[in-house]
Amino acid sequence: EPEVTQTPSHQVTQMGQEVILRCVPISNHLYFYWYRQILGQKVEFLVSFYNNEISEKSEIFDDQFSVERPDGSNFTLKIRSTKLEDSAMYFCASTTTGTYNSPLHFGNGTRLTVT
Amino acid sequence: QKEVEQNSGPLSVPEGAIASLNCTYSDRVSQSFFWYRQYSGKSPELIMSIYSNGDKEDGRFTAQLNKASQYVSLLIRDSQPSDSATYLCAVNIGDTGRRALTFGSGTRLQVQP
C-alpha cells in the first residue's frame, strides 16, 4: 500500500537554527498537510497546500514557517528560526481530492527537538 | 468552546469486552468524521470514516453518528490487548469548503488481558 514518507525521523537542532522537514506524499494525492503534536497534547493543524499554494493555515503557522513543493514529489516544511516550543512531532499528510470525505493519510512523523 | 471534545480516559476494559469511545463536536454543519488510532510515539492511523447519520461497521469496529446531537462514537467489539492505544476523533469542521481536520485530544484505551 502506498505511504507518505517523512525524513528525517528525528532532528535535533539548536534554538535559532533553521530546519527543513521533508515529506514525499502518496503519488496520486493532490492535497498536502502539515500537522504537529507536542508531547502529550493533541494533533494540531498547521497548513494545507494545493496546486502549489497554501490553501489554509492555522494561527500556529506564522512567519517563521513556510512550505514548498520544490519538485514533483517532495513537500517541505521550513522553520526559519527554531524556538524551544517548536519541539514536537511533525506529521505530513496527504489526501486524494481534498473534499470533505477524503481521509488523511499520515507519514510516520519527524520528531523535532530544539535545544 | 472546544471544537472537538473527547474524554481523555484511560478507559479500561477486559479482553473480549466492548469498548465504547465518544466524541462531541461544536459546529452543527460539520459533514465528515473520522476515527484514528495512535500508538505511543507513532502517527495516527485511520480506522473509520463516517458521513451519514447512523451506524457504519467494519470488522470489529462500528462508528455511530448523530448529527442532531453532534455526537460520534466508536465501538470496538471483542477488544484485544493490541487495541490498547489512544483513539483520536477528527472532524472536518464547518461546510465542505474547509479541508483541514480538527482533532480531539484523544481517549486512551487500555485492554486488560
Can you check how the C-alpha radius of gyration of the stretch B:1-60 compares to 2.2 N^0.38 Å, as a plain ratio? 1.28
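Starting from the alpha-carbon convex hull of chain A, give the projected area averaged over all orientations, in nm².
Details: hull surface 28.0 nm².
Over all viewing directions, chain A projects a mean Cα-hull area of 7.0 nm².
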Accessible area (Å², 1.4 Å probe, nearest 10) - A:Thr82: 0
Total accessible surface hidden between B and A, rounded to 100 Å², 1.4 Å probe: 1800
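Mind checking the stretch B:1-92 for GluC sites (Glu not before Pro) that DSSP puts in a loop (not H, G, I, E or B) and that have at most 15 other Cβ atoms within 10 Å? It would help to have the intermediate numbers written out before the result.
Working: sites: B:Glu3, B:Glu5, B:Glu15, B:Glu45, B:Glu57; in loops: B:Glu3, B:Glu15.
In loop regions of the stretch B:1-92 (DSSP not H, G, I, E or B), the sparsely surrounded GluC sites (Glu not before Pro) are B:Glu3, B:Glu15.
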What would the Debye formula give as log10 I(q)/I(0) at q = 0.13, 0.16, 0.18 Å⁻¹ for the alpha-carbon point model of chain B, no solvent? -0.44, -0.67, -0.84
Restricting to lysines and to Cα separations under 16 Å from B:Lys42, and discarding same-chain partners fewer than 8 apart, the set is A:Lys42
Using DSSP loop states and a limit of at most 15 other Cβ atoms within 10 Å to flag chymotrypsin sites (Phe, Trp or Tyr not before Pro), what is the longest stretch of chain B containing no flagged site? B:52-113
Give me the Kirkwood hydrodynamic radius of the protein assembly as shown in Å, from all C-alpha pairs, to one decimal place? 18.1
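Give, as a single signed number, the net charge of other residues whose beta carbon lies under 12 Å from the beta carbon of B:Leu74, with Lys and Arg counted +1 and Asp and Glu -1.
Working: positive: B:Arg37, B:Lys56, B:Arg60, B:Arg77; negative: B:Asp55, B:Glu57, B:Asp58, B:Asp83.
For residues surrounding B:Leu74, the net value is 0.
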For the stretch A:1-48, what is one quarter of the convex hull surface built on the Cα atoms, given in nm²? 4.7
Once ligands and nucleic acids are excluded and a 1.4 Å probe is used, how much of A:Leu30 is accessible, expressed in Å² to the nearest 10? 90
Surface accessible to a 1.4 Å probe, per residue, for the residues of the protein assembly as shown, Å²: 48
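Carbon and sulfur: what percent of the protein assembly as shown's accessible surface (1.4 Å probe)?
Details: 4920 of 11030 Å².
Carbon-and-sulfur percentage of accessible area, whole number: 45.
Of all the Cα-Cα pairs you can form in the stretch A:44-111, what percent are over 16 Å apart? Kindly include the intermediate steps, with their values, before the conclusion.
Working: 1172 of 2278 pairs.
For the stretch A:44-111, the share of Cα pairs beyond 16 Å comes to 51 percent.
The values are calculated or read from the model by the stated rules, or taken from the named source; none is laboratory data. Given the structure is predicted, the values throughout are model-derived calculations rather than measurements. Positions of Cβ are backbone-derived with ideal geometry, glycine not excepted, and every protein chain shown enters the neighbour counts. Ligands, DNA and RNA are stripped out before the accessible areas are found, and what is left, the full protein with its side chains, is counted by its heavy atoms. Shrake-Rupley method; radii C 1.70, N 1.55, O 1.52, S 1.80 Å.
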